[in-house]
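Chemist: Below are the structure tokens for one structure; questions will follow.
What follows draws every value from the coordinates through simple rules; no lab data is involved. What you see is a predicted model; the values in this text were computed from it and never measured. Cβ sites come from the backbone with ideal geometry, for glycine too, and all protein chains shown count toward neighbours.
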Amino acid sequence: MLAAQRRNLILEFLRADGAVSISSLAGRLETSAVTIRRDIVYLDAIGMLTRTHGGAVAGPAPRESSYAEKIGQAMEEKYAIGRLAATLVHDGDVIIIGPGTTTEAFAESLIDRTGLTVITNSLLVAEAFVPAAENEVIMTGGTLRASIRAFVGESTNRTLRTIHADKTFVSGNGLVADFGLSTPNMSVADSDRAMAAAAHEVVALVDHTKFGVRTAVQTIATEQITHLVTDSKTPAAQLAAFAGHGIALHVAQPGAGLLDTI
């Protein structure tokens, strides 16, 4: 079978089923998993489908929001989340901080701490600690993803695999109780997973606008999240769903100066 014919059949299966796995496609098309994976990579690159771990889903991936777009969204809530999340950090802790405007706000709430070891792939998080000379900041290195001002890729993940931290603090593009944190980009997802694996506890910093949003690639499963820090605009039903998974909930009250823990 010609590659073009095989790829058309893959798209037909996707239109019918919405999602496919590499193993099922290999069986249906009587070819190797390596060949199917190569087809999926090609179809993803031209925007005909969205590649996921182990398969694909129909349609192109949602566009990743740029830093300039994110900086204007729910900033009061993000700073309240950052201040509340900072109460989970103690002087002398080893922490990992992922990229994002919420984690940047969190980093700014830590600059009066001492003795921290901070590992990050985010240029913005590292810059936030410039006035905080009493803390050590280690950047992972890697390939710069300019849209989020962060390093990703195998070099980033290789560095993270050598680290054990007390807590990892991450955000994401979406959060759903039966799926977890997600992002549109595979490389960003790989780095977030490496951060989660490198720490004893995972703290998700998620404002209300991201609940119920499921983007293409899972970064961190709900079961891996230890703490969830959000704001008071998050619906109670969403909070209850995560509480049902045994996650410690922390709800910030923007503007009121109140910090609540559930």
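Chemist: On a full-extension model of 0.36 nm per residue, what is the gain between Ala19 and Phe179, subtracting their alpha-carbon distance, rounded to one decimal in nm?
Modeler: 56.1 nm
Chemist: Per 10 Å bin, what is the whole-percent P(r) computed from every C-alpha pair distance within the chain?
Modeler: 7, 29, 32, 19, 9, 3, 0
Chemist: If one takes the longest principal axis of the Cα atoms in the chain, at what angle in degrees, from 0 to 90 and to the nearest 10, does the Cα axis of helix 186-197 lie?
Modeler: It is inclined by approximately 50 degrees.
Chemist: If you take the beta carbon distance between Thr162 and Thr114 as r and set R0 to 30 Å, what does 1/(1 + (r/R0)^6) give as a FRET efficiency, to the nearest 0.05?
Modeler: With a Förster radius of 30 Å, E is 0.75.
Chemist: For the chain, what is the mean residue ellipticity at 222 nm derived from helices alone (per DSSP H run of n ≥ 4: -39500 (n - 2.57); sum divided by total residues; nearest 500 deg cm²/dmol)?
Modeler: Value at 222 nm, helices only: -10000 deg cm²/dmol.
Chemist: Here's something else I'd like to know. Which of Gly115, Gly18, Gly142 ends up with the largest GNM mean-square fluctuation for the chain, with Cα atoms connected below 10 Å?
Modeler: Maximum fluctuation in the GNM of the chain, among the listed residues, is at Gly18.
Chemist: Counting Lys and Arg as +1 and Asp and Glu as -1, each charge on the Cβ, what is the dipole of the chain about the Cα centre in debye, to the nearest 20?
Modeler: 1000 debye
Chemist: Which whole-number percent is the relative contact order of the range 141-226 (Cα, under 8 Å, 6+ apart)?
Modeler: Answer for the range 141-226 is 34 percent.
Chemist: Would you work out if the range 3-58 is rounded, prolate or oblate? Take a ≥ b ≥ c from the square roots of the eigenvalues of the alpha-carbon gyration tensor; rounded if a/c is under 1.5, else prolate when a/b is larger than b/c, oblate otherwise.
Modeler: rounded
Chemist: Another one. Given an 8 Å cut-off on Cα distances and at least 6 residues of separation, report the relative contact order of the range 91-139 as a percent.
Modeler: Reported as a whole number, the value is 41 percent.
Chemist: Moving to a separate point now. Round to the nearest 0.05 the FRET efficiency obtained for Leu249 and Arg214 when R0 = 22 Å and r is the Cβ-Cβ distance.
Modeler: 0.65
Chemist: Say each of Glu30 and Ala133 gets a label point 7 Å from the Cα, pointing the same way as Cα to Cβ; how far apart are those two points in nm?
Modeler: Distance between label points: 7.3 nm.
Chemist: Can you tell me which aspartates and glutamates have their Cα less than 13 Å from the Cα of Lys78? Leave out same-chain residues fewer than eight positions away.
Modeler: Glu104, Glu108, Asp207, Asp231
Chemist: Counting other C-beta atoms within 10 Å, which of Leu144, Leu205, Leu25 has the fewest, and how do the rest follow?
Modeler: Placing the least packed residue first, the sequence is Leu144, Leu25, Leu205.
Chemist: Something else about it: Scan the chain and report its longest stretch carrying no GluC sites (Glu not before Pro) that are both in a DSSP loop and have at most 14 other Cβ atoms within 10 Å.
Modeler: Longest run free of exposed loop sites: 135-262.
Chemist: What number, in percent, do you get for the relative contact order of the chain if the mean sequence gap of Cα pairs under 8 Å and at least 6 apart is divided by its residue count?
Modeler: In percent, rounded to a whole number, it is 15.
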